[in-house]
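Colleague: This is the structure, below, for whatever I ask next.
The values are calculated or read from the model by the stated rules, or taken from the named source; none is laboratory data. Computed from a prediction, not measured in an experiment: that's the story for all the values here. Because the Cβ atoms are built from the backbone with ideal geometry, glycine has one as well, and the counts that use them run over all protein chains shown. In case anyone asks, the SASA skips ligands and DNA or RNA and just uses the protein heavy atoms, side chains included. Shrake-Rupley method; radii C 1.70, N 1.55, O 1.52, S 1.80 Å.
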Amino acid sequence: MLPIQILVFLFFALAAPMCVGAGAVSFLNGQQRNIALMWMSGELLLLAAFQAVSVPMILAGCLFSELVRVFAVFCVLAAVGGMAVFAYRKKKTPVLKEVPPKPGKTEKALWIAVGVLLLAQLFLTAFLAFGDGDDAYYMAVSTTSDVFDSMYRFSPYTGSSTKMDIRHSLSPFPIYIAFLSRVSGLHAAAIFHVALPLLLIPLAYVIYGMVGRRLLKGKRRQLPVFMLFVELLVMWGNYSLYTAETFLITRTSQGKAVLGNIIIPALFLLLYMMGERLAESKMPEACLWALLAALITCACLCSVLGAFLVAILLGAFCFCAVLSYRKWKLLLPAAASLLPAVVFAGMYMFLA
């Protein structure tokens with residue numbers, strides 16, 4: 001039974017995002033259709049879809065089981081659709097693969113060191129205990145949603161019925177964990193502390209790697225040094241309870257940790273990719289704007305504060321891009337991509 005539960009969890013948490021991301025990335029330049037970008041893009045799109053589906057159902061007072069059925073069917077259809085689009089686009093526009101030079105002994109040794117440090121961090125996250133008071137709320141929300149078949153209608157501290165928690169229901173990342181728990185049969189605590197961190201931490205480093213690859217363009221052999229430096233910053237970043245490094249290792253499955261270690265770095269990556277297009281006197285593809293809108297929606301899923309943070313970062317990018325490239329046209333799609341943040345931030349201000 002446990003192997004089947006793990007396989008189901010891996011389908012919804014890993015395979016389905018990969019399939020969705022493959023379809024999305026197929027609309028980009030052929031050389032950028034790599035598995036890392038597929039994984040990141042698929043996660044952004046599915047999490048954004050969960051935010052768009054779950055919040056209206058929560059506010060409408062729907063049962064948790066209804067949300068599970070709706071989103072599970074959506075995930076399966078989206079995965080099938082993504083692979084169909086990827087297969088069609090691959091035949092229409094074949095992928096141009098760049099053949100990298102063979103790595104030397106030093107580069108191989110550095111990549112091995114990167115892998116060892118990553119395994120050490122995964123071990124620390126999965127097998128060592130860490131006291132965190134927020135678990136009393138966030139993990140309890142996931143558990144009570146699954147047990148009582150209700151979302152934000154029961155107190156996570158006492159289990160007694162209460163009025164809807166509007167403030168937290170607009171960023172229902174714990175409900176996503178409860179969804180993974182219900183469809184897989186794994187306990188929410190196991191997903192919260194073990195299963196999901198084992199996927200989210202590598203995803204964070206995948207995003208850092210894509211950022212580093214662009215920052216070190218033409219210096220591919222320095223990429224493992226960059227990754228080692230990032231890993232060392234994470235390993236020794238527990239100088240405060242509130243650093244992004246501490247959140248990555250000890251609070252991986254909390255929405256604010258995902259916001260700081262995955263969503264915001266992914267935003268920098270997407271904005272860098274858009275900047276590359278602008279530097280070539282091209283407008284960013286519609287796929288990049290769609291991914292940006294999905295990322296902004298994901299930021300709202302993780303934390304309402306995320307809506308304000310990504311809006312500030314996108315505004316700074318647009319200001320610099322307009323001054324540097326005189327591309328006034330990008331203001332319209334940028335404003336359109338910010339609509340999710342405006343909607344959820346407005347709901348927070350008027351409902352909470």
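Colleague: If I build a Gaussian network model for the chain, linking alpha-carbon pairs within less than 10 angstrom, which residue out of 68, 116, 234 has the largest mean-square fluctuation?
Modeller: Maximum among the listed residues: 116.
Colleague: With point charges of +1 on the Cβ of Lys and Arg and -1 on the Cβ of Asp and Glu, referenced to the Cα centre of the chain, which listed residue (227, 130, 323) lies farthest in the positive direction of the dipole?
Modeller: Among 227, 130, 323, the one farthest towards the positive end of the dipole of the chain is 323.
Colleague: Here's another thing I want to ask about it. Over the chain, what relative contact order in percent results from Cα pairs under 8 Å that are six or more residues apart?
Modeller: On the way: 441 pairs, mean separation 68.6, N = 352.
Reported relative contact order: 19 percent.
Colleague: Moving on. Counting only other residues whose beta carbon sits under 15 Å from that of residue 304, what net charge do I get with K and R as +1, D and E as -1?
Modeller: With Lys, Arg at +1 and Asp, Glu at -1, the neighbours total +1.
Colleague: If you don't mind, there's one more thing I want to ask. So, in nm, how far is label residue 187 from label residue 308 when the simple model puts each one 7 Å beyond its Cα toward the Cβ?
Modeller: 3.7 nm
Colleague: Considering only protein heavy atoms, what is the solvent-accessible area of residue 226 at a probe of 1.4 Å, reported in Å² to the nearest 10?
Modeller: 60 Å²
Colleague: Also, I was wondering about something else. Return one quarter of the surface area of the convex hull spanned by the alpha-carbon atoms of the stretch 44-95, equal to its mean projected area, in nm².
Modeller: 4.0 nm²
Colleague: Let me ask another. Just subtract the alpha-carbon distance of residue 232 and residue 1 from 0.36 nm times their residue separation and send over the number in nm, one decimal.
Modeller: Stretched out fully, the residue 232 to residue 1 stretch lengthens by 79.3 nm.
Colleague: Work out the length of the dipole vector of the chain about its Cα centre, built from +1 on the beta-carbon of each Lys and Arg and -1 on the beta-carbon of each Asp and Glu, and round it to the nearest 20 debye.
Modeller: Details: 27 positive and 15 negative charges, 316 e Å.
Roughly 1520 debye for the chain.
Colleague: Using 0.36 nm per residue of separation minus the Cα-Cα distance, give me the extension gain between residue 198 and residue 167 in nm, one decimal.
Modeller: Taking residue 198 through residue 167 to full extension adds about 8.3 nm, to one decimal.
Colleague: Taking every eigenvalue of the Cα gyration tensor of the stretch 204-317, multiplying by 5 and rooting it, what semi-axes result, largest first, whole Å?
Modeller: Gyration-tensor ellipsoid for the stretch 204-317: 24, 21, 10 Å.
Colleague: Starting at the first residue of the stretch 235-245, write each ³J(HN,Hα) from the Karplus equation 6.51 cos²θ - 1.76 cosθ + 1.60 with θ = phi - 60°, in whole Hz, x for Gly and Pro.
Modeller: Once θ is set to phi - 60°, the couplings for the stretch 235-245 become 4, 10, x, 8, 7, 8, 6, 10, 7, 4, 5 Hz.
Colleague: What's the percent breakdown of Cα-Cα distances in the stretch 190-232 across 5 Å bins, shortest bin first?
Modeller: Bin by bin from 0 Å, the calculated values are 6, 22, 24, 17, 12, 9, 6, 3, 0.
Colleague: Using a Gaussian network model on the chain with a 10 Å cutoff between Cα atoms, which of 320, 287, 19 fluctuates the most?
Modeller: Result for the chain, Cα springs under 10 Å: 320 fluctuates most.
Colleague: A follow-up question, please. For a quick protection proxy, order the peptides 170-178, 189-197 by their average other-Cβ count within 10 Å, most packed first.
Modeller: With the highest mean Cβ count within 10 Å placed first, the list reads 170-178, 189-197.
Colleague: Right, another one. Sticking with the crude label model, points 7 Å out along Cα→Cβ, report the distance from residue 111 to residue 281 in nm, one decimal please.
Modeller: For residue 111 paired with residue 281, the spin-label model returns 3.8 nm.
Colleague: Whole angstrom only: what separates the Cα centroid of the stretch 163-237 from the Cα centroid of the stretch 277-347?
Modeller: First find each Cα centre; the distance between them is then 22 Å.
Colleague: Note the angle between two axes, namely the Cα long axis of helix 173-184 and the longest principal axis of the Cα atoms of the chain, as a number of degrees from 0 to 90, rounded to the nearest 10.
Modeller: Relative to the chain, helix 173-184 is tipped by roughly 80 degrees.
Colleague: Provide the gained length on full extension for the span residue 70 to residue 219, in nm with one decimal, where the gain is 0.36 nm per separating residue minus the Cα-Cα distance.
Modeller: Working: separation 149, 0.36 × 149 = 53.64 nm, distance 4.63 nm.
Extra length from residue 70 to residue 219 when fully extended: 49.0 nm.
Colleague: For the stretch 229-298, what's the relative contact order in percent, using C-alpha pairs closer than 8 Å and at least 6 residues apart? Display every interim value, and only then the final one.
Modeller: Numbers: 36 pairs, mean separation 13.1, N = 70.
Dividing the mean separation by the residue count of the stretch 229-298 yields 19 percent.
Colleague: Using the Karplus equation 6.51 cos²θ - 1.76 cosθ + 1.60 (θ = phi - 60°), what ³J(HN,Hα) coupling, rounded to whole Hz, does each residue of the stretch 327-333 give in order, writing x for Gly and Pro?
Modeller: Taking θ as phi minus 60°, the curve returns 9, 5, 5, 6, 5, 5, x Hz for the stretch 327-333.
Colleague: Calculate the FRET efficiency for residue 160 and residue 15 from the Cβ-Cβ distance with a Förster distance of 56 Å, rounded to the nearest 0.05. Numbers along the way, then the final one.
Modeller: Details: r = 38 Å, r/R0 = 0.69.
That gives a FRET efficiency of 0.90.
Colleague: Taking the alpha-carbon set of the stretch 101-217, what are its Rg and Dmax in Å?
Modeller: Radius of gyration, then largest Cα-Cα span, for the stretch 101-217: 19.1, 62 Å.
Colleague: Still on this structure: So what is the diffusion coefficient of the chain in µm² per second by Stokes-Einstein at 10 °C and 1.306 mPa s, using a Kirkwood Rh over Cα pairs?
Modeller: The diffusion coefficient I find is 75 µm²/s.
Colleague: Still on this structure, I have one more. Would you mind checking the stretch 119-158 for residues with the amide N under 17 Å from a putative spin-label position 7 Å along Cα→C-beta of residue 62?
Modeller: 145-146, 149-153
Colleague: Taking the convex hull of the alpha carbon atoms in the stretch 147-266, what volume per residue do you get, in Å³?
Modeller: Roughly 123 Å³ of hull volume per residue.
Colleague: Can you give the accessible area of residue 205 in Å² (nearest 10), computed on protein heavy atoms with a 1.4 Å probe?
Modeller: My reading of the accessible area for residue 205 is about 10 Å².
Colleague: What number, in nm² with one decimal, is the all-direction average of the projected area of the convex hull of the alpha-carbon atoms of the stretch 1-97?
Modeller: Mean projected area of the Cα convex hull: 7.1 nm².
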